[in-house]
Amino acid sequence: MSAHIESHDHHDAHDHHEHDDGHAPSTLKGYMMGFFLAVVLTAIPFWLVMGKVIPNSQTLAVVILTFAAIQIVVHMVYFLHMNTKAEGGWSMLALIFTLVMVVITLSGSIWVMYHMNSNMMPGMSHEMTEQQAKNLP
């Protein structure tokens with residue numbers, strides 16, 4: 001019986017060193033890969049904007065937002081070590097809840113700002129006419 005307990009204790013000590021919780025082991029190679037991807041995913045949109053590679057601003061915005069979403073995933077995988085198996089799935093559930101809240105907050109804020117901008121001063125244009133500029137003190 002004593003030998004069985006010692007064997008079980010040795011097995012438990014060995015389990016603590018392995019990563020059965022779904023987290024990838026933190027290695028220098030993993031962090032460097034994450035850093036490299038983050039730099040590339042920052043440099044490409046910077047180049048697209050500064051080089052005026054995409055002249056259409058709406059298309060450029062979609063491309064930049066796509067790079068931003070990819071960069072968020074890179075940070076979560078390489079630096080936060082998030083996956084569907086971590087902590088029994090609870091960290092993924094918390095992430096999904098956070099993403100839903102962020103989408104609601106951002107889309108609501110953009111909706112409010114757009115409608116306030118278009119409905120605040122109907123009949124007034126954003127640009128001053130030459131006559132209005134001459135009448136200013």
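Readers should treat all values here as calculations from the given coordinates under stated rules, not as data from a laboratory. Not measured: the values here are computed from a predicted model. All Cβ positions, glycine included, derive from the backbone under ideal geometry; neighbour counts span all protein chains shown.
Hey, can you rank 92-98, 61-67, 26-32, 80-86 by average C-beta count inside 10 Å, highest first?
80-86, 61-67, 92-98, 26-32
Full-extension gain between residue 99 and residue 62, please, as 0.36 nm times their residue separation minus the C-alpha to C-alpha distance.
Length difference between fully extended and current span is 11.5 nm.
Could you calculate the FRET efficiency of residue 110 with residue 73 from 1/(1 + (r/R0)^6), where r is the beta carbon distance between them and R0 is 22 Å, rounded to 0.05?
Efficiency computed from Cβ-Cβ geometry: 0.50.
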